[in-house]
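Taking it in order: structure first as structure tokens, then the write-up.
The values are calculated or read from the model by the stated rules, or taken from the named source; none is laboratory data. The shown structure was predicted, so the numbers you read here are calculated from the model rather than taken from an experiment. We place every Cβ from the backbone using ideal geometry, glycine too, and count neighbours over all the protein chains shown. Heads up: the accessible areas ignore ligands, DNA and RNA and are worked out on the full protein's heavy atoms, side chains in. Shrake-Rupley method; radii C 1.70, N 1.55, O 1.52, S 1.80 Å.
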Amino acid sequence: MIEVVAELSRGPVFLAGEALECVVTVTNPLPPTATSASSEALAWASAQIHCQFHASESRVALPPPDSSQPDVQPESQTVFLPHRGERGQCILSTPPKILFCDLRLDPGESKSYSYSEVLPIEGPPSFRGQSVKYVYKLTIGCQRVNSPITLLRVPLRVLVLTGLQDIRFPQDEAVAPSSPFLEEDEGGKKDSWLAELAGERLMAATSCRSLRENPFTIALPHTPILLLSLTDFSNCHMLLEDSLILIPHYKEKPHLGLWLPALGTPQCGLQAHSVPFFPDLYNISDGRGKVGTFGIFKSVYRLGEDVVGTLNLGEGTVACLQFSVSLQTEERVQPEYQRRRRTGGIPSVSHVTHARHQESCLHTTRTSFSLPIPLSSTPGFCTAIVSLKWRLHFEFVTSREPGLVLLPPLEQPEPVTWTGPEQVPVDTFSWDLPIKVLPTSPTLASYAAPGPSTSTITI
């Protein structure tokens, strides 16, 4: 009997393009006092990373397989196929690497081998949806002489950050004498450099937007306005108190502008990087008038962040009785792979709610909400078969009666019992606000949502 243990040193979550490191330990569990005849032997062991794709037959219409290519699933159990017995298709795999050959272990003896492989950067992220599934696994195959192959599978979670495919590892231009006795860890340098680059891109993408790239509008009544050009704004040091600065948008929509409240002190030295702390505002209205104003500070987030929004109902002309906001993902099958729907059939678009906030808001002037993005969820992505997008789904319940007041009278000559009306005529409507969700640090995802990083099998 031989025990094989595979352990991921950093956890089960990785970023596409990173190097996966796994330590494979082979042990003879018999006590050392056993006779030498109890020694165990393995002919060979190999490791490979692969991605399995599985599609729901009721939602996805995949093209028929190419009959010109023979099936690579031989009946012989002595051929190493990491996806043997798995559901779906193997759409991505790395070259197999041999860990050892002709290994013999005495009772109580164990040996460890290190496996390292770079995760393909062109693959899809790990995803378990209602229409399709992308599952990554590290498979280790071991075989005794004249025995079938035994497979040990270690589940992985892969996050994909778009834009790293075209990045090349910078070469050191310094000329220095090389020594054959000094081992340089180029893989470790590249891995750490890629992780730092991904962190910088995620921080830049999810931080508040810059002044020139994303203008927004804030409407405040009865406020003085200063109209300045971009050049004037960069040289402005004296701002009027309680004023607004309007900077015209000079690109696609020149009629839009950027409104910024002044800091209110002379020589404040207002810079462009102080702009993003003001939210984007959206007017919410139905067919009978304005309900309120929704504000959100940014539209790009990372896994683990909170989506914070504010709702101002004091300026609305239509009474809002209740509202709810849900953080959802929208899984949509591409049109060329959609299954034709019959009457009562399953739609090609599915929604999953990850967080929800509901509030009764009659006579509420201002309120806010915070929806956490789960670390275990999948960031938005798009492949040839399916796309995943994030959104905020709002539902409002408004009153049909103008100027609805459901408060007890303030002054009564005698004590009375007041009860609200049993029925109120209402209308409901919904609104969707798209947002973007990007990956986070694989180390953070591993600590916050731990998964099995060690797998064991007995041969």
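Here Gly287 fulfils each of the conditions (1) over 30 Å from Gly129 (Cβ atoms); (2) touching a Pro at 6+ places or on another chain (Cβ under 8 Å) apart from (2). One residue stands out among those in the stretch 20-50 that are surrounded by fewer than 16 Cβ atoms within 10 Å (Cβ to Cβ), of a type in the set (A, V, I, L, M) and part of a strand (DSSP E or B): the one that is farthest from the chain's Cα centre (by Cα), which is Ala41.
Using the structure shown, decide if Gln77 is at pLDDT below 85, in contact with a strand residue (DSSP E or B) (Cβ under 7 Å, 6 or more places away or on another chain) and open to solvent by 20 Å² or more (accessible area, probe 1.4 Å). Here the answer is yes, as Gln77 does meet what is asked. Taking the listed residues Gly141, Gly123, the one that is outside any loop (DSSP other than H, G, I, E, B), surrounded by 14 or more Cβ atoms within 10 Å (Cβ to Cβ), of a type in the set (Gly, Ala, Ser) and modelled with pLDDT of 60 or more is Gly141, with no other qualifying. Of all the numbered requirements in (1) farther than 26 Å from Thr443 by Cα; (2) surrounded by 11 or more Cβ atoms within 10 Å (Cβ to Cβ); (3) modelled with pLDDT of 75 or more, Arg87 misses one, and that requirement is (2).
In this structure, is Val308 open to solvent by less than 50 Å² (accessible area, probe 1.4 Å) and either farther than 19 Å from Glu395 by Cβ or not charged (D, E, K, R) (or both)?
Numbers: open to solvent by less than 50 Å² (accessible area, probe 1.4 Å): no; either farther than 19 Å from Glu395 by Cβ or not charged (D, E, K, R) (or both): yes.
No, not satisfied.
Inside the stretch 363-387, can you point out the residues that are open to solvent by 50 Å² or more (accessible area, probe 1.4 Å) and either among the aromatic types (Phe, Trp, Tyr) or in a loop (DSSP other than H, G, I, E, B) (or both)? Walk me through it before giving the result.
At the first step, the residues of the stretch 363-387 found to be open to solvent by 50 Å² or more (accessible area, probe 1.4 Å) are 363, 365-366, 368, 370, 372, 376, 382, 384.
His363, Thr365, Ser376, Ala384 - these are the residues of the stretch 363-387 that are open to solvent by 50 Å² or more (accessible area, probe 1.4 Å) and either among the aromatic types (Phe, Trp, Tyr) or in a loop (DSSP other than H, G, I, E, B) (or both).
Could you check the stretch 144-160 and list, in sequence order, the residues that are at pLDDT below 85 and either polar (S, T, N, Q) or open to solvent by less than 40 Å² (accessible area, probe 1.4 Å) (or both)? Correct list: Asn146, Ser147. Restricting the stretch 90-120 to residues that are of a type in the set (Asp, Glu) and either outside any loop (DSSP other than H, G, I, E, B) or touching a Phe, Trp or Tyr at 6+ places or on another chain (Cβ under 9 Å) (or both) leaves a set whose member that is farthest from His354 (Cα to Cα) is Asp102.
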